[in-house]
Amino acid sequence: MAIVSTTHFNNSVTCGSVVKLLNVKHNVRLHSHDVRYGSGSGQQSVTGVSVVEDSNSYWSVRGTSDTSCHRGTPVRCGQMIRLTHVNTGRNLHSHYFTSPLSSNQEVSAFGEEGEGDHLDEWAVQCGGSVWKREEAVRFRHKATDALLSVTGEQYGRPIHGQTEVHAMSSPTQHSLWKVMEGVFIKPSEGAAGSRDYSHTHTEF
């Protein structure tokens, strides 16, 4: 497994990549699991976890029904994407239900085998032309215009110590996310399915 150079687009996040996303402010990774909310939508919960080695924190970067995302193509700033939870096949989702701890906007995981609805679509907000791995970015929910955020509230049982993930209307330090571990599809060889393992943890 060769470590590729980070020149040109090789340090970008590409369609088809499988990544972990770290909330920069609170140092927790975006996480989901087959545990449903006891209030609000009753859908699969989305949380933040401090543990690095957890396979339930992997998300696949995919296109939407309206925006194609060809495997290996760098994700453009402003592009609409879906983030599909690898282990359960449900998409990162939001709606006007109230989150259980902070009373912000609930974020859940929804759908089956990667297919949900228009409430699974998020715009990547970044500073240049494409989403770079080292850059802190924001995810704006297309339907509600709210930003994926963490403000630090923690759950008790059955997910003790995990942090609430929700959506908020204002951009703050709480809504900045950075790619960490992952399997990145190389842009130049995406069609052949070549992978860049330079930042990979292989526990999944």
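A few comments on the model shown:
- Sequence-ordered 3J(HN,Hα) estimates for region 15-24 from the Karplus curve with 6.51, -1.76 and 1.60 and θ = phi - 60° stand at 4, x, 5, 10, 9, 9, 10, 9, 6, 5 Hz, glycine and proline given as x.
- For region 14-183, the carbon plus sulfur part of the accessible surface works out to 46%, probe radius 1.4 Å.
- Normalised per residue, the accessible area of the chain is 44 Å², obtained with a 1.4 Å probe and no contribution from ligands, DNA or RNA.
- If you take all other residues with their beta carbon under 12 Å from the beta carbon of GLY78, and give Lys and Arg +1 and Asp and Glu -1, the sum is +4.
- Computed over the chain, relative contact order equals 26 percent, with contacts defined as Cα pairs under 8 Å that lie 6+ residues apart.
- Neighbour cut-off at most 11 other Cβ (10 Å), DSSP loop, GluC sites (Glu not before Pro), region 127-171: GLU134
- Zone residues, region 122-161, relative to SER68, backbone N less than 14 Å from point 7 Å out along Cα-to-Cβ: none
- Cysteine residues of the chain whose C-beta has no other cysteine C-beta under 4.7 angstrom do not occur.
- Histogram of C-alpha separations across region 14-183, 10 Å bin width, %: 11, 45, 37, 6, 0
- Region 74-129: C-alpha gyration tensor shape, a/c 1.5 cut-off, then a/b vs b/c: oblate
The values are calculated or read from the model by the stated rules, or taken from the named source; none is laboratory data. These numbers were taken from a predicted model, which means no experiment stands behind them. Virtual Cβ from ideal backbone geometry, glycine too; neighbours counted across all protein chains shown. Just so you know, the surface numbers come from the protein's heavy atoms only, side chains and all, with ligands and any DNA or RNA stripped out. Shrake-Rupley method; radii C 1.70, N 1.55, O 1.52, S 1.80 Å.
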